[in-house]
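Novice: My questions all concern the structure below.
Every number in this text was worked out from the coordinates using simple rules, so none of it is lab data. These numbers were taken from a predicted model, which means no experiment stands behind them. Positions of Cβ are generated from backbone atoms using ideal geometry, with glycine treated the same way; all protein chains shown enter the neighbour counts.
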Amino acid sequence: MNIVKVSVESLDGKQNILYDYDKNIPTEENIVQLLAKFEMPTKTNAYGLKLVQTNNGKIVDVYVTEDNFDDIKDGYFLKIVYSVSHQVSTIFLVLEKGDRQTCFNNLAHLYSDEGFIKELVKQEKHHVLVNFFIKQPDLTNEETTACLLTIIHLFKKGYIESICELFLNKLISILKEDAEVYGDQIKYTLSLLQKIMVSKNPKMEEWKEVIIKKKPLQEITPYIRIENTNLQYLTILLINTFVRYSSGIRRLQFIKEMNFKQTKADIYNHIIERWPNLEGNMEYELYVYQTFLLSLYTDALNSKTKLDEKKRKEFELDHKHQNFAERLTTMIEFEDNISRMKSVEDLLESIDENSAYTSHQTNRNSDTYSLCSMDDLLRHSKLSLNEESMEEISYLTFGALTYYKKYHYKNFNQTQIDETFFGPGIFVTSESVVKTLANILRIGQEPESSKGKYTFQPTIFNSTTKTPFFYELFSRTIWILSKTKNEMQGCPVPEYNKLMKVIEKQIKMVLEKRPGSFKKLTNIMLKTNYEAVKQKWQEEANDEFESLLKNNPCVQELRDHYIKINEQLVVEQRMHYLIAGSVFYKINEQKKIDHCFIKLFENRKQLLCYDYDEKLKRKKGDPHIISVSSISYLVEGKACPHKVNSITKDNRLIFSLIIDFSTYINIIAKDLKEGSYWLDGFNILLEKDSRSEAYGKELHDLVRMDLHMHLLELQNITIPKKPPPIPPLPYLTEKPPVPTKSPGLRLLKPKKSNGKSSLTIKV
């Protein structure tokens, strides 16, 4: 039977009854039965049913239709109302009579109801509503808002397949109103324009072009300054939609407009200032916006420039400065301000003389550098990564190096020396850093659809053309690279790839914290050292392994196998513990605390209970033998009769054995381990399923150790989520022919000759 018990209120709200709603019959029949119970006319279509409230108190307030009647459950609250068809007819009847206030008041309460929208289309009244919205010049704010909301829901359900120029002009005219006064109208208009832009209906293509032409970005971006979170979100969403829809020159133009200093400042001051109290949808759209901004670097990333002698001399260290390299024993603080150009000699002198430029002592690996001279080390590093054979770099790398040298000259010179003598060369490292950052920031890639995986960077919106985010991030990354290399104890050139993996993880960890300024970015970089990276990798490996143990079906099958094996071991351990015996507190008949010694007999069918002298630590007298089969009940904790006289408040230590339904043995364990083990043992003997927390923990630990040991053989191997399919049995259409017997040697029976046997072979 598909019947649920619900509460139903009458139309006037004066009666309330319990009703068995039958889901096996049409909704109309249930309504007729309810009308009869309320003594209302049954031969009419004027009444319907609304689902008002769920059994957990959630207000729903939707019409019950054939689409949602199956959602009704026990305890739901329903109400007799005027039917949805009656409501639609009434709304447009009063509209024809000129009672616009009643019409739009009802419309404002019903526009989100799916049953109402469906009935609106069924009676073809949505055309009347759209025409009224287009042609009526004196719509009030409330009337316009109600029309827009209803049309939005019609779009969502796909009931509006085409639009006209008049409709689009009406939307554009709304956007010319004062956003401070008509914020709701503008908000819903932006939402409607966005739905038109993302529509897959071919009939909408021509109107998408019209929208882009009639509403340029410069007229949309001011809405960001309005302190209305929904309006701000819809503004960013529509801007991103314009870029997604466009391509080529027009797309590039949109992105350049998005990159205007004032627009980014408005986003930072009016939206990002609320972070981290932003909604997830807004954060995602800011990430999309950011991805489009960074795509301006795509051409520079993919284009190459040759490394001629002029460029090499500009960025590489002259060999005459080799003697100064050994003096570079400190790391300069990062210069956030534009500094004067200085020679390498001046730089090295400032290192020795001014400790304000130093942050911490480097730990150069002296053993590494003492093995060879500077010339040998220089030659070794160049040959290892083919620095001298490197003929070109990307324009983005060249631009980043130029910026680094111009605005962070002291740090540039330190990098120049470090890469010349202790690295693969400034061009190789710079190109690697640029590619790493481009990959992290997804330059040249479309935004990811995963809303939880990627996030925006506030600093991108706080940067200017004089301090571009990417160039500033590059400068700090290549500066911190030397520090990380030292923390990795020199990191010789053959381990250069490992160094770049560490740098990549460092930058990801820094950007995950989303610093709001370049100063914070620098401070977080300094704190995110090599040890932090190793710790993060270990945490991720542990999380990945935990996820594997919990979720992988193949591992779950293996877990079930080990549970069966290890549960037998835990059970045997409990039995051996009981056989060894334990001393308990015992509450005697005079309700005095005494001691007893209880053990399980070897046959596991009998218990031996001795009196025990606690002072002499020995058993007294002959044992009282209790048959396990005579134990009627095992009572634990609060239910025990001696709980009141207990010497402990821990209920897990108290239990009673009821023998043959009459005799009580009231005992208290001395500690939690003993109590847990004996309770487990008694439950096992009595074939009950109850087990202690200690039992579950020990079983879990054993299974976990077995899984760890078993999976050690599969390190660095991806375990499939599904077990491989079992191949089908071989299928032969015809039976193979039986091979013919080959004519071979044939043995004949031995013949007897002169009492002797001989073997004759016949061919």
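Novice: Note down the Stokes-Einstein diffusion coefficient of segment 496-586 in µm²/s, whole number, using a Kirkwood radius over alpha carbon pairs, 4 °C, and 1.567 mPa s.
Specialist: Estimated diffusion coefficient is 72 µm²/s.
Novice: Further question: Can you return the lysines within cross-link range of Lys599? Criterion is Cα-Cα under 19 Å, with same-chain partners fewer than 8 residues away left out.
Specialist: Excluding near neighbours in sequence, the set is Lys586, Lys617, Lys619, Lys620, Lys670, Lys673.
Novice: Hand me the trypsin sites (Lys or Arg not before Pro) from segment 541-641 located in a DSSP loop with no more than 11 other Cβ atoms within 10 Å, in residue order please. Write out the running numbers ahead of the final one.
Specialist: Values: sites: Lys550, Arg559, Lys564, Arg574, Lys586, Lys591, Lys592, Lys599, Arg604, Lys605, Lys615, Lys617, Arg618, Lys619, Lys620, Lys638; in loops: Lys591, Lys592, Arg604, Lys605, Lys615, Lys617.
Those satisfying the criteria are Lys591, Lys592, Lys605, Lys615, Lys617.
Novice: Over segment 174-330, what portion of Cα pair distances is larger than 26 Å, expressed as a whole percent?
Specialist: The answer is 42 percent, as a whole percent.
Novice: Also, I was wondering about something else. Go through Lys483/Lys519; Lys157/Lys195; Lys313/Lys508; Lys264/Lys501; Lys122/Lys215 and tell me which ones have a Cα-Cα distance over 23 Å in this structure.
Specialist: Values: Lys483/Lys519 18 Å; Lys157/Lys195 11 Å; Lys313/Lys508 33 Å; Lys264/Lys501 32 Å; Lys122/Lys215 34 Å.
Beyond 23 Å between Cα atoms: Lys313/Lys508; Lys264/Lys501; Lys122/Lys215.
Novice: Calculate the spin-label point distance for Phe260 paired with Met709, positioning each point 7 Å from the Cα along the beta-carbon direction, and give it in nanometres.
Specialist: Between Met709 and Phe260, the simple spin-label model gives 7.0 nm.
Novice: For segment 590-630 and segment 1-57, write down the distance between their C-alpha centroids in whole Å.
Specialist: 68 Å
Novice: Also, quick follow-up: Considering all projection directions equally, how large on average is the shadow of the alpha-carbon convex hull of segment 53-172, in square nanometres?
Specialist: Average projection, Cα convex hull of segment 53-172: 8.4 nm².
Novice: Now for a separate question. Please report the projected area of segment 1-99's Cα convex hull averaged over all directions, in nm². If you can, show how the numbers build up before the last one.
Specialist: Numbers: hull surface 28.3 nm².
Directional mean of the projected Cα hull area for segment 1-99 stands at 7.1 nm².
Novice: Would you kindly calculate the translational diffusion coefficient of segment 474-536, applying Stokes-Einstein with the Kirkwood radius from alpha carbon pairs, for 25 °C and a viscosity of 0.890 mPa s, and quote it in µm² s⁻¹ without decimals?
Specialist: Stokes-Einstein gives a translational diffusion coefficient of 208 µm²/s.
Novice: Lysines within cross-link reach of Lys73: Cα-Cα under 23 Å, excluding same-chain residues under 8 positions apart?
Specialist: Candidates past the 8-residue exclusion: Lys5, Lys23, Lys37, Lys50, Lys58.
Novice: A further question follows. Within segment 64-159, list the GluC sites (Glu not before Pro) lying in a DSSP loop whose Cβ has at most 16 other Cβ atoms in a 10 Å radius.
Specialist: Within segment 64-159, the qualifying GluC sites (Glu not before Pro) (loop, at most 16 other Cβ atoms within 10 Å) are Glu66, Glu124.
Novice: In whole Hz and in residue order, list the ³J(HN,Hα) couplings for segment 687-701 that follow from phi through the Karplus curve 6.51 cos²θ - 1.76 cosθ + 1.60, θ = phi - 60°; x for Gly and Pro.
Specialist: Taking θ as phi minus 60°, the curve returns 6, 9, 7, 5, 9, 7, 5, 4, 4, x, 5, 5, 5, 4, 5 Hz for segment 687-701.
Novice: Moving on. Could you pull out the trypsin sites (Lys or Arg not before Pro) across segment 189-260 that fall in loop regions by DSSP (anything but H, G, I, E, B) with no more than 13 other Cβ atoms inside 10 Å?
Specialist: Lys200
Novice: Dimensions of segment 140-242 along principal axes (Cα, Å, largest first)?
Specialist: Principal-axis extents of segment 140-242 (Cα, largest first): 36, 28, 21 Å.
Novice: Please sort 81-88, 54-61, 31-38 by packing, taking for each peptide the average over its residues of neighbouring beta carbons within 10 angstrom, highest first.
Specialist: 81-88, 31-38, 54-61
Novice: Please turn the phi angles of segment 138-153 into ³J(HN,Hα) values with the Karplus equation 6.51 cos²θ - 1.76 cosθ + 1.60 (θ = phi - 60°), one per residue in order, whole Hz, x for glycine and proline.
Specialist: Each residue of segment 138-153 in turn: 10, 5, 7, 4, 5, 5, 4, 4, 4, 4, 4, 4, 5, 5, 4, 5 Hz.
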